[in-house]
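Worksheet: the structure to be examined is printed underneath.
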Amino acid sequence: MNTAELIAQSSVVFDAAGVAGLCLLAFAAIRLARREHSWGGNLMAIGAISLLIARLVIVVSNHFVTHEMLAAWGPNAISAQLALPAILLSFGLAGVVWGLWGHSKWLHDGR
């Protein structure tokens with residue numbers, strides 16, 4: 001198996017790039033929130049961190065959580081494993097968008 005097939009099959013590079021991009025988004029939002037002290041910046045930082053946590057849950061669960069492990073934990077664990085990333089991604093995206101709108105409105109109104 002050559003390197004291109006390994007990258008295409010394992011998607012490690014894409015997972016790493018996604019996590020790195022979300023880390024940069026979170027750091028930029030935290031820096032904006034600390035520098036400007038706006039509620040939109042804080043909400044954007046919370047949303048970005050939520051997106052990062054959701055992505056990490058998806059990446060880690062694909063590599064470490066097995067069907068036997070979920071069966072041993074029970075049906076609640078299966079439901080949580082399916083619902084948690086979707087909830088975090090939804091609230092994270094809403095937080096980033098609402099925070100961006102709030103910060104823009106806050107700057108436009110003159111702080």
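Mind listing whichever residues of the stretch 64-111 are aromatic (Phe, Trp, Tyr) and over 30 Å from Arg31 (Cα atoms)?
Phe64, Trp73
Considering each of Val12, Val65, Val60 in turn, give the residue that is more than 21 Å from Leu100 (Cβ to Cβ), modelled with pLDDT under 85 and touching a helix residue (DSSP H, G or I) at 6+ places or on another chain (Cβ under 8 Å).
Result of the check over Val12, Val65, Val60: Val65.
How many of the residues in the stretch 56-86 are free of Cβ contacts under 8 Å to residues at least 12 places away in the same chain, in a helix (DSSP H, G or I) and of a type in the set (Val, Ile, Thr)?
Residues that pass the stated criteria total 2.
Restricting the search to the stretch 16-42, which residues are of a type in the set (A, V, I, L, M, F, W, C) and touching a residue at least 60 places away in the same chain (Cβ under 8 Å)? Walk me through it before giving the result.
Within the stretch 16-42, the subset of a type in the set (A, V, I, L, M, F, W, C) is 16-17, 19-20, 22-30, 32-33, 39.
Those that are of a type in the set (A, V, I, L, M, F, W, C) and touching a residue at least 60 places away in the same chain (Cβ under 8 Å): Leu25, Ala29, Leu32, Trp39.
Tally time: how many residues in the stretch 26-54 are modelled with pLDDT of 80 or more and farther than 21 Å from Leu84 by Cα?
From the stretch 26-54, those modelled with pLDDT of 80 or more are 26-37, 39-54; that's our starting set.
Right, trim to farther than 21 Å from Leu84 by Cα and you get 27-37, 39-42.
Of the residues in the stretch 26-54, 15 are modelled with pLDDT of 80 or more and farther than 21 Å from Leu84 by Cα.
Listed residues Leu82, Leu56, Leu32; which is surrounded by fewer than 16 Cβ atoms within 10 Å (Cβ to Cβ) and hydrophobic (A, V, I, L, M, F, W, C)?
Leu82
The values are calculated or read from the model by the stated rules, or taken from the named source; none is laboratory data. Note that the structure is predicted; figures quoted are calculated from it, not measured. Counting neighbours? That spans all protein chains shown, and the Cβs are built from the backbone with ideal geometry, glycine included.
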